[in-house]
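> Got a structure for you, written out below as structure tokens; questions coming shortly.
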Amino acid sequence: MGISPPGVTFLCLGRAKERARKWGVSSVADTIVTSVTSELLNFAKSRRPEPPFHLGTRYDRSGRFLPEPGNTVVCHLVPGSETERALIAARERYLAMPEAPQLAFTPISSLHMTLFQGIIERRRRLPYWPGDIALDTPVNEMTAIYRERFRDFTGGPAFRMQVVRALPTGLVLEGLTSEDRQALKDWRNSLADVFGYRHPDHDSYEFHITFSYVIEWFEDAALPAWEVMLSDAAKDIRESLEFLELRPPAFCEFADMNHFEELQIFDVQP
């Protein structure tokens, strides 16, 4: 999986070129940016008349994260690592963009890759909840149930992750090799057995590290500059890091998107 091919040509080329120069997001700022990926078009205000999906439930218009308790299995960044430094630098590039106020940024301390999605308060329905437990069970009780289920969980194989592309919301990842990608499948299948469900995208889940959530969709004229910045950010990470330094998978609980408390760290088999 690589960078998506260019998609639709924009007419407002002069403005896009001016923005690219002003914000210094590319060594080719003098080249007229004519297109953006079809994936990035999903962030265009002209294409998205509806408000962002989680706005008003996960975060508000000020960028403040709202209570939304749940549990999950994630891999945090290794503190003080080259990976953490590289991702903080990439995040700073996002913050330097004019549209940064249109995004709700998660704290650096919360940066993580989700390995398996647990249950969450506002998604009490099948197949996002175990079929053998009542849908109105409090989240803290669900977390206690899972801690008991994980008592004898043996973990899974080691894996390495690489950045394949960047979006306004963060980084898209995949396993470095076919062996790493198989290890991820093994982990997810084992975790599904413990959690008691499989989401519809269980086999096609796209791994990622979230930097932000969209508060307001972007103007079309903003997208070419974002296209260049995102491509450069992903490229710089790939060139500086063969793979990301991540902590072992851990079962976590959270009250909102600000912090994911590790309750049980799983063994990683060589």
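The values are calculated or read from the model by the stated rules, or taken from the named source; none is laboratory data. Given the structure is predicted, the values throughout are model-derived calculations rather than measurements. Using ideal geometry, Cβ is built from the backbone for each residue, glycine included, and neighbour counts are taken over all protein chains shown.
> With the checklist (1) at pLDDT below 85; (2) under 14 Å from ALA221 (Cβ atoms); (3) small (Gly, Ala, Ser); (4) surrounded by 11 or more Cβ atoms within 10 Å (Cβ to Cβ) in hand, flag the one item GLY14 doesn't pass.
Failed condition: (4).
> Just give me the residues in segment 96-140 being among the charged types (D, E, K, R), out of contact with any Gly (no Cβ under 9 Å at 6 or more places or on another chain) and loosely packed, with under 12 Cβ neighbours inside 10 Å, in sequence order. Walk me through how you get there before you give the answer.
Here is the first cut: in segment 96-140, the ones among the charged types (D, E, K, R) are 99, 121-125, 132, 136.
From what's left, out of contact with any Gly (no Cβ under 9 Å at 6 or more places or on another chain): 99, 124-125, 136.
Once the filter is applied, which keeps residues that are among the charged types (D, E, K, R), out of contact with any Gly (no Cβ under 9 Å at 6 or more places or on another chain) and loosely packed, with under 12 Cβ neighbours inside 10 Å, segment 96-140 yields ARG125, ASP136.
> Another question, if that's okay. Return the pair list, or none, for Cβ contacts closer than 9 Å from residues in segment 160-187 that are under 17 Å from PRO249 (Cβ atoms) to residues that are surrounded by fewer than 19 Cβ atoms within 10 Å (Cβ to Cβ) and among the hydroxyl-bearing types (Ser, Thr, Tyr), at least 6 apart or on different chains.
Listed pairs, sorted by first residue: ARG160/THR177; LEU184/TYR205.
> From the list PRO270, PRO168, pick out the single residue that is more than 21 Å from GLY118 (Cβ to Cβ) and buried (at least 20 other Cβ atoms within 10 Å of the Cβ).
PRO168
> Right, something else. Just give me the residues in segment 150-165 being surrounded by 15 or more Cβ atoms within 10 Å (Cβ to Cβ) and in a helix (DSSP H, G or I), in sequence order.
Listed by number, the list holds a single entry, PHE150.
> Right, something else. Collect the residues in segment 197-234 that are assigned to a helix (DSSP H, G or I), surrounded by fewer than 21 Cβ atoms within 10 Å (Cβ to Cβ) and more than 17 Å from the chain's Cα centre (by Cα), keeping them in residue-number order.
Those that are assigned to a helix (DSSP H, G or I), surrounded by fewer than 21 Cβ atoms within 10 Å (Cβ to Cβ) and more than 17 Å from the chain's Cα centre (by Cα): ASP220, ALA221, ASP232.
> Take PRO67 and decide whether it is at pLDDT 95 or above, surrounded by fewer than 12 Cβ atoms within 10 Å (Cβ to Cβ) and closer than 29 Å to GLU245 by Cα. Can you show your working first?
Values: at pLDDT 95 or above: yes; surrounded by fewer than 12 Cβ atoms within 10 Å (Cβ to Cβ): yes; closer than 29 Å to GLU245 by Cα: no.
No: the conditions fail for PRO67.
> For the list (1) under 30 Å from PHE243 (Cα atoms); (2) in a helix (DSSP H, G or I); (3) in contact with a Pro (Cβ under 8 Å, 6 or more places away or on another chain); (4) of a type outside the set (S, T, N, Q), I need the number of the one condition that VAL194 fails.
(3)
> Residue under question is VAL172, and the condition is that it be within 22 Å of the chain's Cα centre (by Cα), modelled with pLDDT of 95 or more and not in a loop (DSSP other than H, G, I, E, B); does it hold?
Values: within 22 Å of the chain's Cα centre (by Cα): yes; modelled with pLDDT of 95 or more: yes; not in a loop (DSSP other than H, G, I, E, B): yes.
Judged against the criteria, VAL172 is a match.
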